[in-house]
Amino acid sequence: MAKRIQFSRHGGPEVLEYLDYQPAEPGPNEVRVRNRAIGLNFIDTYYRSGLYAPPALPSGLGTEGAGEVEAVGSEVTELAVGDRVAYATGPLGAYSDLHVLPASHLVKLPEGIDFEQAAAVMLKGLTVQYLLRQTYQVQPGQTILWHAAAGGVGLLACQWARALGVKLIGTVSSPQKAALAEANGAWATIDYSREDVPARVLELTNGEKCPVVYDSVGKDTWEISLDCVAPRGLLVSFGNASGPVTGVNLAVLAQKGSLYVTRPTLFGYANTRERLQAMADELFGLILSGQIKVEIGRRYSLAEAAKAQEALSSRQTTGSTILLP
Ligand SMILES: NC(=O)c1ccc[n+]([C@@H]2O[C@H](COP(=O)([O-])OP(=O)(O)OC[C@H]3O[C@@H](n4cnc5c(N)ncnc54)[C@H](OP(=O)(O)O)[C@@H]3O)[C@@H](O)[C@H]2O)c1
């Protein structure tokens, strides 16, 4: 019997249950994947807590994993049983031995990328792809600000920025995280638990500030981020690790220098198979050429998902964390 993580009510990690599970047979355009590694992401905690609404309760959890195709629906032509695949979007339920999802959400893994690497990098790496290459196309020599630079998404952003010749200033909450972000390519770091971030950004940019600021911390850094964006620059608010940003007064964008703001999601960019494949090709290319190294900070068994989420929410993790079925 397969196992999965399920929750029947919202709350802390204690609401997660490890239960027997019998997945449905794949529909005509679906595929069943036997997960070999599963990605842990902050968004999983939003669905668990109720900040984001799952389609129904009880619900599975997780949207990132890698494994082998075990069964394909009658209309699926691009994938076959035995293919090595990975996914980062689609229905909740990746925290499971088996996951059924539309074939359009899957990419084949190239030789040279193993299941653990893929589960650690699909959602976070595709996110960095669209943020640095599509939401705003960063240019060599530019100086950008990226919050939570030692996290899962953060360490990939540090490396990707370095590969593009971009000077990434990363915020972090400890000297150890600063050292890790710098080892992964951050040009400079600011400890936002004790330093004045806008003042340091002014110093580091010779008074210019940044053409783009990437903020996934949310509530605690919103105001700080606005003060770090150069006139007519862009604030990309893409997460809520400290809580959601609410009640925004648009006039603040005028006061701070005719700023732009966007609130993007991965699925808003990887919303067709072609776009998903193009983004994944770029990500895998950087990994295979050695420009991006996948940093797996921690591994937990699938049964320990609650413990893994507790560590992520309490800022104990660095880099990517994976669950092993
Ligand atoms: N919109 C999208 O498409 C998209 C896609 C993927 C991820 N995201 C967002 O990107 C962010 C990073 O995701 P991730 O999975 O890689 O997580 P992560 O960065 O590994 O973990 C979150 C980090 O946020 C920082 N943080 C600041 N204030 C916090 C607080 N009050 N509580 C907890 N953490 C706090 C911590 O780093 P410090 O200790 O250094 O502060 C923590 O390690 C999340 O906000 C996630 O929702 C968005």
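Some observations on this one:
- Our summary of shape: the Cα atoms of the chain have principal axis extents of 60, 41, 36 Å, ordered from largest down, in whole angstrom.
- Nitroxide proxy distance, nm - points 7 Å out along Cα→Cβ at residue 246 and residue 191: 3.3 nm
- Our summary gives the chain a relative contact order of 18 percent, counting only alpha carbon pairs under 8 angstrom and 6 or more residues apart.
- Per-peptide packing, taken as the mean over residues of other Cβ atoms within 10 Å, places 215-222, 183-190, 310-317, 58-65 in the sequence 58-65, 183-190, 215-222, 310-317 from highest down.
- Simple spin-label estimate for residue 24 and residue 293 gives 4.4 nm between the two label positions (7 Å along the Cα-to-Cβ direction from each Cα).
- Region 140-263: Rg to Rh, with Rh as the Kirkwood radius over Cα pairs: 0.94
- Mean residue ellipticity (222 nm) of the chain, computed from DSSP H runs ≥ 4 via -39,500 (n - 2.57), nearest 500: -8000 deg cm²/dmol
- From least to most packed, judged by other beta carbons within 10 angstrom and beginning with the fewest, 246, 171, 143, 135 follow the order 246, 135, 143, 171.
- Relative packing of peptides 33-43, 249-259 - highest average C-beta neighbours within 10 Å first: 33-43, 249-259
- Among 226, 288, 109: highest mean-square fluctuation, GNM of the chain, C-alpha pairs under 10 Å: 288
- Annotation note: GluC sites (Glu not before Pro) in region 133-218 located in DSSP loop regions with a Cβ neighbour count of at most 15 within 10 Å are 195, 208.
- Ranking of 210, 228 by count of other Cβ atoms within 10 Å, fewest first: 210, 228
- Paramagnetic reach from residue 203 in region 159-175 [backbone N under 20 Å; point 7 Å along Cα→Cβ]: 167-175
- Amide H contacts of residue 292 (H built 1.01 Å from N, in plane; Pro and chain starts excluded): 287 sit under 5 Å, all sequence-distant by 5 or more or on other chains.
- Spatial extent of region 210-325: Rg and Dmax, with the Cα atoms as the point set, Å: 17.7, 51
- Computed label-point distance, nm, for sites residue 273 and residue 10 using a 7 Å Cα→Cβ extension: 3.5 nm
- Separation of region 76-94 and region 174-235, taken as the distance between their Cα centroids, equals 37 angstrom.
Only the coordinates and a few stated rules stand behind these numbers; no lab work does. Not measured: the values here are computed from a predicted model. Positions of Cβ are backbone-derived with ideal geometry, glycine not excepted, and every protein chain shown enters the neighbour counts.
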